[in-house]
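Okay, so here's the structure we're looking at.
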């Protein structure tokens, strides 16, 4: 009987959003056009993804303004999940205008609000 309950909960958990991205290259400091830390001020859902407003507090690579517009695809298309109010380090590709692109195929990640990021923390590209 315990086995049945265990299987039930395992299968129930399998309904969560689980997507795998096939990343030939995980974008690090070599291939990123923009690397910055900052806080997400707004997240807006669109048909094919999300538009994220990002207030950069440090810019390690690229010439960008402090207020960035980040685009990311839908999560099932290797998009990156941003949460309003959270702080991130982003490794991004440049797009037209002020927009930049962040996907799950990068070392972008949420970071502690108090972490002081230096160039020591920047990740190199990684081939899969």
Self-check item: Fewest-first ranking of 82, 107, 54, using other Cβ atoms within 10 Å as the exposure measure
Solution: 107, 82, 54
Quiz item: Which of 111, 89 comes first, and how do the rest follow, when ranked by fewest Cβ neighbours within 10 Å?
Solution: 111, 89
Quiz prompt | Approximate spin-label separation residue 111-residue 22, in nm, with each point projected 7 Å along Cα-to-Cβ | solution = 3.3 nm
Self-check item: Prolate/oblate/rounded label for segment 19-127 (Cα gyration tensor, a/c 1.5)
Solution: rounded
Exercise. Provide the percentage of antiparallel DSSP beta bridges, counting only those with both residues in segment 19-127; round to the nearest 5.
Key: 90 percent
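FYI, it's all coordinate maths here, none of it is from the lab. Quick caveat, the model's predicted, so the values are computed rather than measured. For neighbour counting, all protein chains shown are included, and Cβ atoms are generated from backbone atoms with ideal geometry for every residue, glycine included.
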